[in-house]
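K.L.:
Here you go, one structure.
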Amino acid sequence: MRLLAGGLVVTGALALALVLRPLPSPLVVVPAMLAVAVAAMSLVWWPRTRPLLAAITAAAGVVGATCTLAWLAGPGISGGPSTYTHTVAVLTLITLTVRWAAVRQAVPAVAVAATSEALLALQITQPPPSGLEAVALALFWSIGTAGAIGLGAYLRTLDRHRVEAVRHARRTQRLQLARDLHDFVAHDVSAMVIQAQAAQILLDRDPSEAAAALRAIEEDGARALASMDRTVRMLRELEGESASAEPLPGLDSLPDLVRRFADAGFPDTEMRVEPSGPVPREVATTIYRIVVEALTNVRKHAPAGSSVAIQVTDERGAVVVTVADHARDQALPRLPSAERVGVGLAGLAERVQALGGEFTSGRAAGGGWVVKAVFP
């Protein structure tokens, strides 16, 4: 509505100026009024006019240039306010076209409109100049066109940067969701695979133990579904839908995680969580992810019966988390599992480094595997 009111004010001022001075030729007034009308229409009915913007600008340029050339054939009164208003309208169309139209459409449309705007300079003198004076005046009048093109290009660059920033943010969020699926869902699913393998072995030997394994599979499956539901809600939030995301697990969730891991075939698992003060939420969540990933790798790669030690302590003002496993009997077999290449440790290293910490993982001196992270 403000743009429409502005257009009406400009049109009224032009009409008043024409009343107070001798009326120029219709070849000057009519194209000026048309240019103002289409510029106002492009702004008021935006974004409906956006697909037609290049065509509108080109049409206004063709009409303006044709009428100016026809006026030069028998020039009368100089354009005055009509020419100035016409120039502003054309520059507005050029700016909008450079900003919004496709490049292959904007280039010819702006070229036509720029030619029309340069010819308008010939309407402001009486009689119209000729020769080098006309060329010099047209070039001077084209400074406005250069400014309009520069402004449109600048705004187009800002729009592109804004789109790239949004795309980058969405990509980052999608990667975060992928890490969530790996850290939480993969852990529960791997536990389900181990429990299912154990249930097959125990089905004939000990039906009660097989039933317990099946109940554990049910619990792990429910947790995996809950994690997937949380991820789906986050995806909906990413697309603009309102949804309340559940808080991610932290240090308070470690006892239940370790209990489930011990029940799944690693009873010799110890945990000591003794931070001296409150742990930031991001650090606590990352510690939980580290423990999940380390236990998942133990379940996949360590021999059955391995002992696991989990520690979250303070060392010289830093929070240190360590997960170490050690096989008590190297001859113990482990249940068969499908081998696959994981990306969890690399992702955890990036996450820890982003929080200003240090992450290491590798074989321990006495055998087994150690995962360690230090958060300042």
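K.L.:
Which order do Ser306, Ser208, Ser361 take by accessible area at a 1.4 Å probe, largest first?
P.N.:
From most exposed to least exposed: Ser208, Ser361, Ser306.
K.L.:
Taking H placed 1.01 Å from N in the peptide plane, check which residues at least 5 places from Ile77 or on another chain put their amide H under 5 Å from its amide H.
P.N.:
Here Ser25 satisfy the definition.
K.L.:
With just the Cα atoms of region 65-141, tell me how far they stretch along each of the three principal axes, in Å, largest first.
P.N.:
Projected onto its principal axes, the Cα set of region 65-141 covers 40, 24, 21 Å.
K.L.:
Ordered by residue, what ³J(HN,Hα) values in Hz, to whole numbers, does region 200-205 give under the Karplus form 6.51 cos²θ - 1.76 cosθ + 1.60, where θ = phi - 60° and Gly and Pro are x?
P.N.:
Result, rounded to whole Hz: 4, 6, 8, 4, 8, 6.
K.L.:
For region 70-81, what does the Karplus curve 6.51 cos²θ - 1.76 cosθ + 1.60, with θ = phi - 60°, yield as ³J(HN,Hα) per residue in whole Hz, taken in order and with x for Gly and Pro?
P.N.:
Listing the rounded values in order: 5, 5, 5, 5, x, x, x, 5, 5, x, x, x Hz.
K.L.:
Let me ask something else about it. Note down the net charge around Ala55, summing +1 for each Lys or Arg and -1 for each Asp or Glu among other residues with Cβ under 15 Å from its Cβ.
P.N.:
Net local charge, Ala55 excluded: +3.
K.L.:
With labels modelled as points extended 7 Å from the Cα through the Cβ direction, what inter-label distance (nm, one decimal) is found for Arg215 paired with Glu133?
P.N.:
That separation, rounded to one decimal, is 10.4 nm.
The values are calculated or read from the model by the stated rules, or taken from the named source; none is laboratory data. Keep in mind the model is a prediction, meaning the values are calculated, not measured. Positions of Cβ are backbone-derived with ideal geometry, glycine not excepted, and every protein chain shown enters the neighbour counts. Ligands, DNA and RNA are stripped out before the accessible areas are found, and what is left, the full protein with its side chains, is counted by its heavy atoms. Shrake-Rupley method; radii C 1.70, N 1.55, O 1.52, S 1.80 Å.
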